[in-house]
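Colleague: The following block contains the structure, expressed as structure tokens.
The values are calculated or read from the model by the stated rules, or taken from the named source; none is laboratory data. None of the values given here were measured: they were computed from a predicted structure. Don't worry about glycine lacking a Cβ; one is built from the backbone with ideal geometry, like all the others, and counts go over all protein chains shown. Heads up: the accessible areas ignore ligands, DNA and RNA and are worked out on the full protein's heavy atoms, side chains in. Shrake-Rupley method; radii C 1.70, N 1.55, O 1.52, S 1.80 Å.
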Amino acid sequence: MKPTPYHSYLVGNLPKGCKLCVQGKKLVLFITGICTTGCEFCPVSDTKHQKDDIYADEWKIKNEKDVIQEAKLINAKGAGITGGDPLVKVDRCVKYIKLLKKEFGNHFHIHLYTPLTLVTKDNLNKLYDAGLDEIRFHPNLESNKLWKRIELAQNYDWDVGVEIPVIPKKETKIKKLITYIKDKVKFLNLNELEISDSSSQRLVKYKPKDDISYGVKGSEELAFKLLKFCEKTKLNTHYCTTTLKDKVQLGNRLKRRAKNIAQPYDIVKPDGTLVRGAIYLEELKPEFSYRKKLAKLTKKQRQEYMKELEKLKKDIQKQYRIRNNLIKIDEQKLRILTSTKKIKKIKNYTRAIVREYPTHDQMEVEVEFLR
């Protein structure tokens, strides 16, 4: 067992999917929120859970072009297909695997996560023929009834792995699974169990390990025991911590996206967040239920607000002599963006200096209104 540079621990070799993931080079393609398994630890958010929507990273996509654009914006070298259970929409998986391979080439590495419920020879044939490079199974620890389906994946020239959360007090059951898969898969991924907004009620019997982490108390301690157990089996095993997921994986992806979307008026912070000046229409400024308010706007209302913003931008640009590349209307959040330097000079408007993620949803980290 050895520590990695990514706040994780490793026995043997790191799977290729993980190598790209920790560098922020993997597009997260959420293929559907529908799943029949009902795991208590499911981290899927309430906005996605059991909803048949597609997301490319944080972007709820409308068409194939959106997926390609998001992949380009993060300079993706691969994609991880997740859900829900992607096999609920296996033909959709096939379509996007082929799309990404066609656009970026066969070297574009694609892996997929799935429970065993819908694993069949027919579904595996479809995925393999489409060009899937790596498949990761989520077996049920409470029953070994479907475990044998893992062996179906051995008939194809791809990497096969198992990925499970490290659930405290499940040591015996996890070791039983490890013993079963040790000569049937190439790798095992152990994820630190974490409490998400969607799983908080189901995981009420578990406690956070400290005041600042979503990691569950006892998960990491068990993970170290399992790593030592895996050393004896010589099974490639990676323990993925919440720190890796939240700071390394996501952080690196955000930095890659920030470089590609940053405008001349943006300040790119070391963590990839963007600092910019913003002018809001008074009725659309950030406050309680801000995003819900934007989401409920009709097409006609948006068009009317855009006309108002276009006039406002023209007036401000003329009055303060702002070059075209230093001021822009944000059609998504219906506001005007400019530099922090310029925003401080502009008067008599609802103004703020905002710090936000470079993601498609532009989630706010901090909003400082100016008087």
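Colleague: Report the residue count in the range 149-208 for those that are assigned to a strand (DSSP E or B) and at pLDDT below 90.
Modeller: Taking the range 149-208 first, the residues assigned to a strand (DSSP E or B) are 159-166, 187-192, 194, 208.
Cutting the leftovers down to at pLDDT below 90 gives us 194, 208.
Residues flagged as assigned to a strand (DSSP E or B) and at pLDDT below 90 within the range 149-208 amount to 2.
Colleague: Among (1) open to solvent by less than 80 Å² (accessible area, probe 1.4 Å); (2) without any contact (Cβ under 8 Å) to a residue 24 or more places away in the chain; (3) over 27 Å from Cys18 (Cα atoms), there is one condition Leu284 misses while meeting the rest; what is its number?
Modeller: (2) is the only condition that Leu284 fails.
Colleague: Looking only at strands (runs of 3 or more DSSP E) that lie completely in the range 1-103, which have at least 2 residues being among the β-branched types (Val, Ile, Thr) and either closer than 30 Å to Cys230 by Cβ or in contact with a strand residue (DSSP E or B) (Cβ under 8 Å, 6 or more places away or on another chain) (or both)?
Modeller: Answer list for the range 1-103: 26-32, 78-83.
Colleague: Right, something else. Run down Thr237, Thr243 and say which single residue is touching a residue at least 12 places away in the same chain (Cβ under 8 Å), assigned to a helix (DSSP H, G or I), over 18 Å from Leu274 (Cα atoms) and of a type in the set (Ser, Thr, Tyr). Full working, then the answer.
Modeller: Details: Thr237 fails: assigned to a helix (DSSP H, G or I).
Within the list Thr237, Thr243, the selection yields Thr243.
Colleague: If Ser45 satisfies all but one of (1) over 20 Å from Asp159 (Cα atoms); (2) free of Cβ contacts under 8 Å to residues at least 24 places away in the same chain, what's the number of the condition it fails?
Modeller: (2)
Colleague: Are there any pairs with C-beta distances below 8 angstrom linking a residue in the range 114-135 that is assigned to a strand (DSSP E or B) to a residue that is among the hydroxyl-bearing types (Ser, Thr, Tyr) and open to solvent by less than 40 Å² (accessible area, probe 1.4 Å), with the two at least 6 apart or on different chains, and if so which?
Modeller: Ile135/Thr114
Colleague: Out of Lys296, Lys313, report the one residue that is farther than 30 Å from Val28 by Cβ and either over 24 Å from the mean Cα position of the chain (by Cα) or of a type in the set (A, V, I, L, M, F, W, C) (or both).
Modeller: On the way: Lys296 fails: farther than 30 Å from Val28 by Cβ.
Just a single option satisfies the conditions, and that option is Lys313.
Colleague: While we're here: Does Ala278 satisfy the criteria of being of a type in the set (Gly, Ala, Ser) and farther than 19 Å from Tyr349 by Cβ? If you could, list the steps in order and put the result at the bottom.
Modeller: Details: of a type in the set (Gly, Ala, Ser): yes; farther than 19 Å from Tyr349 by Cβ: no.
No.
Colleague: Mind checking whether some residue in the range 4-14 is under 30 Å from Asn63 (Cα atoms) and either of a type in the set (Lys, Arg) or surrounded by fewer than 21 Cβ atoms within 10 Å (Cβ to Cβ) (or both)?
Modeller: Checking the range 4-14: not a single residue is under 30 Å from Asn63 (Cα atoms) and either of a type in the set (Lys, Arg) or surrounded by fewer than 21 Cβ atoms within 10 Å (Cβ to Cβ) (or both).
Colleague: If you scan the range 162-196, which residues turn out to be in contact with a strand residue (DSSP E or B) (Cβ under 7 Å, 6 or more places away or on another chain), open to solvent by 10 Å² or more (accessible area, probe 1.4 Å) and of a type in the set (S, T, N, Q)?
Modeller: Residue satisfying the conditions is Asn191 alone.
Colleague: What tally of residues in the range 219-236 results from selecting those that are crowded, with 18+ Cβ neighbours inside 10 Å and either within 16 Å of Phe41 (Cα to Cα) or touching an Asp or Glu at 6+ places or on another chain (Cβ under 8 Å) (or both)?
Modeller: The number of residues fulfilling the criteria is 5.
Colleague: Can you tell me which residues in the range 333-359 are open to solvent by 30 Å² or more (accessible area, probe 1.4 Å), at pLDDT 95 or above and closer than 27 Å to Lys299 by Cβ?
Modeller: Listed by number, the list holds a single entry, Tyr357.
Colleague: Tell me which of these Ile74 doesn't satisfy, since it passes every other one: (1) touching a helix residue (DSSP H, G or I) at 6+ places or on another chain (Cβ under 6 Å); (2) over 20 Å from Arg256 (Cβ atoms).
Modeller: Single failed check for Ile74: (2).
Colleague: Which of (1) within 29 Å of His7 (Cα to Cα); (2) open to solvent by 10 Å² or more (accessible area, probe 1.4 Å); (3) touching a helix residue (DSSP H, G or I) at 6+ places or on another chain (Cβ under 9 Å) is the odd one out, the single condition Ile34 does not satisfy?
Modeller: Single failed check for Ile34: (1).
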